[in-house]
Amino acid sequence: MNFSLRMTVILILSSGICYADSTSPQVCHQNDCVAVEVVSKQDDMERGLMYRTSLDQNKGMLFIFAYDDRHQFWMKNMHFNLDMLWISNGKRIVYIGQNIPACNADPCPVYTPDNEARYVLELNSGYTTMHHWKVGDKLTLKGILEK
């Protein structure tokens, strides 16, 4: 095994998420895909998109949890609104929070889905409406292997 490949394997194994190939990880709804930044480590999950000033078009952040639950989110220290999708272990959308407002002053509201989920996907506000994503729809995770 050459040095470059060996370093890639080491980095993948320590990251908590494995990428199946060299393409960017994606979450897809039918033929509509968004490139995602994948987070599964506690520190990264707590920070999320905090302090960022924007999210590029057709991009998102995918949170992968180790277990199903009604995972709660808030928008503290955010600078833009989001659509948030809670996704089941079976990759179906179980809840959508649309146009969730940024929050820069305490107390910030906490958003809780109606059903348990394994994943949460954050997208730019309005994305789900514009692209007709709805509760019950099946999603595909491309380029992502769970550890």
Checking GLY97 against (1) at pLDDT below 95; (2) more than 19 Å from LEU141 (Cβ to Cβ); (3) not in a loop (DSSP other than H, G, I, E, B), the condition it does not meet
(1)
Conditions (1) buried (at least 20 other Cβ atoms within 10 Å of the Cβ); (2) closer than 14 Å to MET50 by Cβ; (3) not hydrophobic (A, V, I, L, M, F, W, C): number failed by PRO113
(2)
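Condition check ((1) assigned to a helix (DSSP H, G or I); (2) loosely packed, with under 15 Cβ neighbours inside 10 Å) across all residues:
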site	(1), (2)
ALA35	no, no
MET45	yes, no
TYR51	no, yes
ASP56	no, yes
LEU62	no, no
TYR67	no, yes
HIS79	no, yes
Looking only at segment 92-102, and only at residues there that are out of contact with any Pro (no Cβ under 7 Å at 6 or more places or on another chain) and open to solvent by less than 60 Å² (accessible area, probe 1.4 Å), the one that is farthest from THR128 (Cα to Cα):
ALA102
Identify the residue in segment 44-91 that is acidic (Asp, Glu) and over 20 Å from GLY143 (Cβ atoms) and, among all such residues, is modelled with the lowest pLDDT.
GLU46
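Within segment 108-128, work out how many residues are assigned to a strand (DSSP E or B), in contact (Cβ under 8 Å) with a residue 40 or more places away in the chain and hydroxyl-bearing (Ser, Thr, Tyr).
We begin by selecting, within segment 108-128, every residue assigned to a strand (DSSP E or B); these are 110-111, 117-124.
Now narrow it down to the ones that are in contact (Cβ under 8 Å) with a residue 40 or more places away in the chain: 117-124.
With the extra rule that they be hydroxyl-bearing (Ser, Thr, Tyr), the set shrinks to 119.
Final tally of qualifying residues: 1.
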Number of positions in segment 106-147 that are of a type in the set (A, V, I, L, M, F, W, C) and farther than 20 Å from MET45 by Cα
4
Given (1) over 11 Å from the mean Cα position of the chain (by Cα); (2) without any contact (Cβ under 8 Å) to a residue 40 or more places away in the chain, where does LYS91 come up short, assuming only one miss?
(2)
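Go through segment 42-57 and give me each residue that's in contact (Cβ under 8 Å) with a residue 40 or more places away in the chain and on the phi > 0 side of the Ramachandran plot.
GLY48
The values are calculated or read from the model by the stated rules, or taken from the named source; none is laboratory data. Bear in mind that the values here come from a model prediction, so they are computed numbers and not experimental data. Every residue, glycine among them, receives a Cβ derived from its backbone with ideal geometry; neighbour counts consider all protein chains shown. Keep in mind that these areas ignore ligands, DNA and RNA; they rest on the heavy atoms of the full protein, side chains included. Shrake-Rupley method; radii C 1.70, N 1.55, O 1.52, S 1.80 Å.
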